[in-house]
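Since the structure comes first, as structure tokens, the remarks are kept for the end.
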Amino acid sequence: MDVGTQHIFASAGWESMTDGQVFDEEVKLALLAEDLGFDAVWPVEHHFFDYALCPDNVQFLTYLAGRTERIGLGTAAIILPWNEPLRVAEKVAVLDQLSGGRVRLGMGRGLSRREYAPFRGVEMDETRERFDEASVMITEALESGFIEGDGPFYPQPRTEIRPRPTRSFKDRTYAVANSPDSIEAAARIGARMIMFSEARWEKRVPAIEKWRLRYQEETGQAPPPPMTADFCFCHPDADYAKEAGERYQAAYLLSLLEHYEMMGDHFAQTKGYDAYGKQAEALQKIGFEGFLAGLLRANAYGTPEQIIAKFEERRDIVGPFELATCFRFGGIPIDEAEASLRLFAAEVLPVIKPWT
């Protein structure tokens, strides 16, 4: 089983946290992840707000490539409407060359209108089409060494990528797929599905099965495991693990609701986000407490034994999966985040990594 760490670069939930401290702490945990035996690090791309502030995850991973030797370098994700396809293909090719083939390319299309607003000329109504057009251009360029496109957003004459990619990305491509059209887009480019642990896994099975079916139809290959992204707090004391873990997840959820305006009405009026419009209606009915209950039910936190049991339950429901687990969120002090990461590595990793 492939197990990585996710890095969100948040300052929301911490008092007097500087942006420099955020980066220092994420670097510390990312370097520690290699030492402790994790398979990959997965930094996000987010802009402008304390919800998450890593505007260029490829740049961050390039720094890590020079500080590490073996750990996978995954983008979770590059938000394609904010990035020119030509530049994405070039930067990924450079990083893969420098790191000896350790890159895992994860892509997404973005959800926050607060982040979209400063990107001049990029409208949220266009994000579905922009993602679909750019993702095909990028994945084909990384296989062929040439990028080209005749679409309305990124017309691109055939151009060679230098350094030319020397390793296939067919088994190293991921895409965030939390909506029906994103599932289609992921399957179309042969991408592994990235899902955030935000609702009961029983409810996610239809989406996973749809992706598996469409992946096989598009590629002619058996679908690989999807990747699930957790928010984890691991502690040896069950009572403290429950109290603190739920407190930190609640703090994170508050920042998420504010950042994405998840209960707002704007999704229903935004082309390509109708699935999120329906989700907003449902969230308005269940409120914060209902959303939090689903989040807590989906994420694995607690003692090592409790976390393993949660993962076993998930495996029984959805089948094999990969992990990208976040240990720094919702105001967790860095010493607690590090202790949580170390305990997870010592007592959870040896149990779950042999899973097929």
Convex hull of Cα atoms in the stretch 1-110, direction-averaged projection (nm²) | 7.1
Percent accessible area from carbon and sulfur atoms, the stretch 10-156, protein chains only, probe 1.4 Å = 49
Rule-of-thumb Rg ratio for the stretch 90-226 [Cα; 2.2 N^0.38 Å; N residues] | 1.11
Long-range amide H partners of Gly72, meaning residues 5 or more apart or on another chain whose placed amide H is closer than 5 Å, are Ala40, Val41
Cut-off 10 Å between beta-carbons: net charge of the residues surrounding Pro152, Lys and Arg +1, Asp and Glu -1 | -3
Search the structure for amide H atoms under 5 Å from the amide H of Ile78, placed 1.01 Å from N in the peptide plane, and list their residues when 5 or more places away or on another chain.
-> Gly106, Met107, Gly108
Full-extension gain in nm, Glu305 to Glu261, via 0.36 nm per residue minus C-alpha separation = 12.3 nm
Directionally averaged shadow of the stretch 194-242, computed from the convex hull of its alpha-carbon atoms, nm² | 4.5
Give me the percent of Cα-Cα pairs in the chain that sit more than 36 Å apart, rounded to a whole number.
-> 15
Would you list the P(r) distribution for the stretch 133-173, with all Cα-Cα distances sorted into 5 Å bins from 0 and each bin expressed as a whole %?
-> 6, 25, 32, 22, 12, 4
Which pairs break 20 Å Cα to Cα here: Lys170/Lys310; Lys203/Lys285; Lys203/Lys310; Lys310/Lys353; Lys203/Lys278?
-> Lys170/Lys310
By average C-beta atoms within 10 angstrom, highest first, the peptides 152-158, 31-37, 15-21 = 31-37, 152-158, 15-21
Computed [θ] at 222 nm, deg cm²/dmol, the chain (DSSP H ≥ 4; -39,500 (n - 2.57); rounded to nearest 500) = -15500 deg cm²/dmol
Net charge near Ala280: determine it from the other residues with C-beta under 11 Å of the C-beta of Ala280, scoring Lys and Arg +1 and Asp and Glu -1.
-> -2
Write down, largest first, the equivalent ellipsoid semi-axes of the stretch 147-262 in whole Å, where each equals the square root of 5 times an eigenvalue of the alpha-carbon gyration tensor.
-> 35, 18, 16
For Leu213, net neighbour charge (Lys/Arg +1, Asp/Glu -1) across residues whose Cβ lies under 14 Å away | 0
What is the distance, in nm, between label points placed 7 Å from the Cα along the Cα-to-Cβ direction at Arg162 and at Glu15?
-> 5.6
Ranked by how many other beta carbons lie within 10 Å on average, peptides 69-79, 275-285, 315-325 from highest | 69-79, 315-325, 275-285
Give the long-range amide H neighbours of Phe231: residues separated by 5 or more places, or on another chain, with amide H under 5 Å away, using H modelled in the peptide plane at 1.01 Å from N.
-> Ala300, Cys326
Percent accessible area from carbon and sulfur atoms, the stretch 175-233, protein chains only, probe 1.4 Å = 52
Under 20 Å from the 7 Å Cα→Cβ point of Lys353, by amide nitrogen: which residues of the stretch 23-48?
-> 28-43
With a 1.4 Å probe and every protein chain left in place, work out the accessible area per residue of the chain in Å², rounded to a whole number.
-> 41
For Glu84 and Gln216, FRET efficiency with R0 = 45 Å and r from the beta-carbon atoms, rounded to 0.05?
-> 0.90
Percent antiparallel among DSSP beta bridges (both partners in the chain, rounded to 5) = 10
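The values are calculated or read from the model by the stated rules, or taken from the named source; none is laboratory data. Note that this is a predicted model, so its numbers are computed, not measured. Note that we place each Cβ from the backbone using ideal geometry, even for glycine, and neighbour counts take in every protein chain shown. Remember, those area values only see protein heavy atoms, side chains included, never the ligands or the DNA or RNA. Shrake-Rupley method; radii C 1.70, N 1.55, O 1.52, S 1.80 Å.
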